[in-house]
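See structure below.
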Amino acid sequence: MGIGEPFDNFDNVMKAIVEIINNPKGLEIGARHISISTCGIVPKIYEIADKDMQCTLSISLHQVTDEERSNLMPINKKYNIEELMKACRYYIEKTNKRISFEYALAKDNNDNKEVAEKLAKLLKGMLCHVNLIPINKIENRQIYQKYK
C-alpha cells in the first residue's frame with residue numbers, strides 16, 4: 001500500500017510476487033501473507049481472480065455512493081461501485097477467498113450510523129472483511145483541491 005496502484009503495473013507486480021516475494025529462492029513470504037491493494041481497477045480484479053493466487057485482495061472503498069466515492073476517488077467515474085461489487089463477487093465466487101475492504105473513516109463525513117448501514121447493505125452476503133481506518137481531519141484542504 002502507498003506505492004501507487006499495483007494494477008496499473010499488473011504484469012510486473014505478478015512477476016515480483018511469483019519470482020521474488022513468494023519464491024523459495026527469493027524472500028519466501030507465504031502468498032497468504034501478501035496483500036494486493038487496489039483502488040478498484042475492475043478488469044484486473046477479474047484477471048487476478050482467474051489467476052487464483054493465494055494473496056489477499058484489498059479494495060480501497062472509502063465511500064458507499066457513487067457521487068461521494070467519485071469525489072474522493074476519481075477511478076469511480078470509470079468503474080462505479082456497481083461494477084466494482086460485481087467484480088468482487090466474481091473474485092469471491094471464483095477463488096472462495098475473502099476480500100478486505102479498506103474504509104477510511106473521516107469524522108463527520110462517513111463515520112455515522114447511516115453510512116455504516118449503507119456499507120453493511122452494500123457488502124451483505126459477501127465473503128469479506130472491512131478494515132476501518134480512522135483518519136485525521138485535513139486542516140489545509142485547499143492544497144489538495146488542485147489535484148481533483
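What order, most packed first, do the peptides 88-98, 37-47 have when packing is the mean number of other Cβ atoms within 10 Å of each residue?
Working: 88-98: 16.1, 37-47: 18.7.
Packing order, densest peptide first, comes out as 37-47, 88-98.
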Å² of accessible area per residue within the stretch 1-60, as computed with a 1.4 Å probe and no ligands counted: 58
Could you work out which residue, out of 129, 33, 62, moves most in a Gaussian network model of the chain, that is, has the largest mean-square fluctuation with Cα springs under 10 Å? 33
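As a quick test, which of the pairs 51/124; 97/124; 94/118; 77/124; 44/97; 44/77 have an alpha carbon distance above 19 angstrom in this structure?
Working: 51/124 25 Å; 97/124 16 Å; 94/118 26 Å; 77/124 23 Å; 44/97 16 Å; 44/77 16 Å.
Pairs exceeding the cut-off: 51/124; 94/118; 77/124.
Name the shape class, rounded, prolate or oblate, that the alpha-carbon gyration tensor gives for the stretch 1-109, where a ≥ b ≥ c are the square roots of its eigenvalues, rounded holds for a/c under 1.5, and otherwise prolate holds if a/b is larger than b/c and oblate otherwise. Display every interim value, and only then the final one.
Working: a/c = 2.08, a/b = 1.75, b/c = 1.19.
Note, shape of the stretch 1-109 comes out prolate.
The values are calculated or read from the model by the stated rules, or taken from the named source; none is laboratory data. Keep in mind it's a predicted model, so treat the numbers as computed, not measured. Because the Cβ atoms are built from the backbone with ideal geometry, glycine has one as well, and the counts that use them run over all protein chains shown. What goes into the accessible areas is simple: the full protein's heavy atoms, side chains included, and nothing from ligands, DNA or RNA. Shrake-Rupley method; radii C 1.70, N 1.55, O 1.52, S 1.80 Å.
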